[in-house]
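All remarks here apply to the structure that follows.
Just so it is clear, none of the values below were taken in a lab; they were calculated from the coordinates. Just so we're clear, the structure is a prediction, and the values are computed from it rather than from any experiment. A quick note on method: Cβ atoms are made from the backbone with ideal geometry, for glycine too, and the neighbour counts reach across all protein chains shown.
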Amino acid sequence: MDYTILIGGAAGQGIETVVLLLEKTIKRSGYNVFTYKNYMSMVRGGHNFMQVRFSDRPVTTYSTKVDMIFAMTSETVDFHMGNLKKDGIVILDEELHKDRDFMHLPLQSIAKDIGNQKVVPTIGFGVIGKYFGLDPEIAKDALGETFKDKVLQMNIEALNKGYELTQTEFLLEKKKDDKIIINGNQALALGAIAAGVKYYCGYPMTPSTSVMSYISAKSKEMGIVVDQIEDEVGALNMALGASYAGTRAMTGSSGGGFALMVEALSLAGILEQPVVVVNAQRPGPATGLSTRTEQADLRFVIHAGHGEFPKMVITLRNPEDAFYQTARAFNIAEKYQIPVVIMTEEYLTDYMMTVEPFDFSRVEINRNFSWELDDTNERYKRYKYTETGVSPRLIPGKLKGVEILVDSHEHNEYGNIDESIETRNSMMKKRMKKLEGLKEELMEPEQLGAENPEILLVGFGATHGALLDAVTRLNEEGLGVGALVYGDIWPFPTKLINKLGKDAKKIITVEQNMTGQLESLILEKTRLEIFDRILKYDGRAINGDEIISGLKSILEG
Amino acid sequence: MMTCEYNLYDPSWCPGCGNYMIRKALKQALEELEIPPHMAVVVTGIGQAAKMPHYIGANGFNGLHGRALPPAIGIKLSNKELTVIAESGDGDTYGEGGNHFIHTIRRNVNIAHFVHDNQIYGLTKGQGSPTTAMGQVTTLQYDGVKVEPVKPLALSLTMGAGFVARGFSGDIPQLVELMKEAIQYRGYAHLDIFQPCVVWNKVNTFQWYKDRVYKLPEDYDYTDFNAAYQKSLEFGDKIPTGILYKVEKEIYEDRFQFIKDGPPLVDAQLDPMDAEKLLKDFY
């Protein structure tokens, strides 16, 4: 079984409430849930919609076709009728689209009787609950977590009325529920907290803000400073100060804010100060499409920062990645004393998915700094030349007689300004040497589908779920397709793509940008040829259906 | 007894530069306050003044132009036991870093801020700074500066700073006392320090300052905001020095209970299992 319900309406009408209630109730009934959210940058009005997909099998992408539409406006019907399956149904108020053969319900008049128009979404939730035979007790618990007191009573009444309005057509039998349901930014924030982040400073920018607001909500409980700074320039500089003093520090933004951090990213490079920076991508240029998705910052981020210095860039593929990779990023940043940029995408920041609970015991914390001098007779050298390029790091205020100097100029081993040719060459080599160790650290892309495929799809980041869906279905159809999905992307891992690429007849890249940024990276770092590409840059996430149709049209020529 | 002697290193400042005197006062202030060098951090941006961490043996964070304050805050919140001094020039602080300056005052973190104010850009060779007088001819503004100067003390006062003062590199005893007061003040302390730039500013010379500065009288009430505001605007034939304004205010750190009552943030023991309880919200 695999169903999708689309809920649409204007901003402020309560779409999110219905979706939240459905997610909780269906997930707690033991099913896998995937919610795709699609909104305009408006607080009131416009047309927004969300799709709740659920199945007894894992779901990692949204479906183009839907089984049910709950329309809170007539526009919802106009926009989405094309997506409705032949036997699909539309639920809506009796006053909307009166001439059509839909499931017309007295939603508004019941709400009026209850005494509050705001309960319309809950009546709709009740109708859907009854239609799918969901246990009303589970639904009531979900209501209890969303509303309080009088409002809760009204919503329970609304739920009951909703349950009375229809019959059960598909019975979702209650199954064991041991998963969690989470979105990418919540998972990212949890990963950071597990890794011991003690300092998060940033400036709000969609779609990164929910990382900061989640950590802020846990700030008191977990002893984390969360600070909204005057601008992103200040944010990264401040995070670097916190890192210098010895706390695990982090900042984040979207492309525009990340652009403002670039100067300080270069500073992190020469200070050799570990820091983790999140860039939650949305479509640009400039303000672009502020609530939508894209993967067009890849080239920008891997090259961000004036001058040359080592950094690592990790793209997140799904909520599990968001948790484990974020925690890992802090260790890598401290091991190599470099900035690590985590790239996510609006799609992943927002979609909700059921996943196995995160295993916190798998998170390791390796600080790689010392509380003691290795040689007490020598004046401390913050930038001591070493085999690995990584110098022993101390933090200020912990050792009597030891002062720590970090500097944005080219400097000698003590951190003092030094423009000599010898120092410049040695320091450049020292810093870049860290890349050698870092390359050993890299995780190759995740391989999906056929083991030695003739057709190899290659993508990165949040297209993972869609690629997994597409490859699984294509293999079920008997088409031997494989895929590589990059997580670690800079330095660029080449081992696995070279191995699979030399035997694959056709390599096809899948990206959410117009210019094929991953493709250009593959061409730059390997000798492989790219046969064709599936690109999408309209601001909407690509799904498995679109990859399948894109691939088929390429193969049919 | 704790060693509180600060080593000095050879600077690349021009002979006669006011920075020498400011450094001398800084060393004396820190030593008299018996703050051991490993517990003091000097955070700077870019410019001649901003080279201070290289020339005095404290901890140092020499960051980017205009960006001395944000890392200073990050350091202080991470380790409240450190004495944090942000130090930079007038261009760095009031120009490139103007936004950070305004919002740092709002935050009121317990740091001292020493601004070397020579009313000109030194390192980049003589362009007008945010405090250069209207009409002054510079190496860039050939027919004179066309914008009004910033009034640093009026700005910090009106933004709500609890400690606002002015010193002069030509009066070291007073400067030492002002620095000590600023460091000991619990909160953000703004100390603007006049210094001549012997190479690039031929208007605001040592003599120019010497002829104009006067100490605020003993009976001056530095808790009187209106008086302080009047004094902050006095910038002509007579310019007041000393503490213009000083009142007690709640500091930013104290608004975080775990910083106020707990050990320094940097001493927190990190354990991933502490966060596992947060997962319950997602079932």
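Given charges of +1 on the Cβ of Lys and Arg and -1 on the Cβ of Asp and Glu, with all other atoms neutral, how large is the dipole of chain A about its Cα centre, in debye to the nearest 20?
600
Under a straight-distance cross-link criterion of Cα-Cα below 16 Å, which lysines are reachable from residue B:80, leaving out those fewer than 8 residues away in the same chain?
Reachable lysines: A:198, A:398, B:260.
With a Förster radius of 60 Å, plug the Cβ-Cβ distance of residue B:261 and residue A:435 into 1/(1 + (r/R0)^6) and report the FRET value to the nearest 0.05.
Given R0 = 60 Å and the Cβ-Cβ separation, E is 0.90.
Between A:250, B:241, A:555, whose Cα lies farthest towards the positive end of the dipole of the protein assembly as shown when Lys and Arg beta carbons carry +1 and Asp and Glu beta carbons carry -1, centred on the Cα centre?
Working it through, the farthest residue towards the positive pole turns out to be B:241.
Given an 8 Å cut-off on Cα distances and at least 6 residues of separation, report the relative contact order of chain A as a percent.
Computed over chain A, the figure is 12 percent.
As an exercise, use a Förster radius of 51 Å and the Cβ-Cβ distance of residue B:14 and residue A:400 to find the FRET efficiency, rounded to the nearest 0.05.
The formula returns an efficiency of 0.90 here.
Could you give the size of the charge dipole of the stretch A:369-441 about its Cα centre, using +1 on the Cβ of each K and R and -1 on the Cβ of each D and E, expressed in debye and rounded to the nearest 20?
Dipole about the Cα centre, nearest 20: 160 debye.
So what is the 222 nm mean residue ellipticity for chain A from helices alone, if each DSSP H run of at least 4 adds -39500 (n - 2.57) and you divide by all residues, rounding to the nearest 500 deg cm²/dmol?
It comes out at -11500 deg cm²/dmol, rounded to the nearest 500.
How charged is the neighbourhood of residue B:139? Take every other residue with its Cβ under 14 Å from the Cβ of residue B:139, and add Lys/Arg as +1 and Asp/Glu as -1.
+1
Please give the net charge around residue A:62, taking every other residue with its beta carbon less than 12 angstrom from that of residue A:62, where Lys and Arg add +1 and Asp and Glu add -1.
Net charge around residue A:62: -1.
Within the stretch A:114-190, report the trypsin sites (Lys or Arg not before Pro) that DSSP leaves as loop and that have at most 15 other Cβ atoms within 10 Å.
A:148, A:174, A:175, A:176
I'd like the FRET efficiency for residue A:104 and residue A:151, computed as 1/(1 + (r/R0)^6) with the beta carbon distance as r and R0 of 35 Å, rounded to 0.05.
Rounded to the nearest 0.05, the efficiency is 0.85.
About the Cα centre of the stretch A:496-557, how large is the charge dipole given +1 on each Lys and Arg Cβ and -1 on each Asp and Glu Cβ? Please answer in debye to the nearest 20.
260
What is the local net charge at residue A:72, summed over the other residues whose Cβ is closer than 15 Å to its Cβ (Lys, Arg +1; Asp, Glu -1)?
-4
For Cα pairs less than 8 Å apart in space and 6+ apart in sequence, what is the mean separation divided by the residue count of the stretch A:369-441, i.e. the relative contact order in percent?
The normalised contact order for the stretch A:369-441 reaches 30 percent.
By count of other Cβ within 10 Å, fewest leading, how are A:479, A:468 ordered?
By the 10 Å Cβ count, ascending, the order reads A:479, A:468.
Fewest first, what order do A:316, A:260 take by the number of other Cβ atoms within 10 Å?
By the 10 Å Cβ count, ascending, the order reads A:260, A:316.
Quick check on my link table: of A:439/A:525; B:24/B:180; A:381/B:24; A:148/A:179, which ones sit more than 20 Å apart, alpha carbon to alpha carbon?
Pairs exceeding the cut-off: A:381/B:24; A:148/A:179.
With unit charges on the beta carbons (Lys and Arg positive, Asp and Glu negative) and the dipole taken about the Cα centre of the stretch A:481-529, which residue among A:500, A:521, A:489 sits farthest to the positive side?
A:500
Please rank B:139, A:472, B:44, fewest neighbouring Cβ atoms within 10 Å first, as an exposure proxy.
B:139, A:472, B:44
Charges on Cβ only, +1 for Lys and Arg, -1 for Asp and Glu, centred on the Cα centroid of chain A; of A:385, A:408, A:81, which one is farthest towards the dipole's positive end?
A:385
Across chain A, where is the longest run that never hits chymotrypsin sites (Phe, Trp or Tyr not before Pro) in a DSSP loop with at most 12 other C-beta atoms within 10 Å?
Longest site-free region, per DSSP loop and neighbour criteria: A:171-370.
Could you tell me how many degrees, from 0 to 90 and to the nearest 10, lie between the Cα long axis of helix A:136-146 and the main elongation axis, the longest principal axis, of the Cα atoms of chain A?
50
For the stretch B:56-89 and the stretch B:22-36, what is the separation of their Cα centres, given in Å?
After rounding, the separation between the Cα centres reads 16 Å.
So what is Rg over Rh here for the stretch A:183-362, counting just Cα atoms and using Kirkwood for Rh?
0.93
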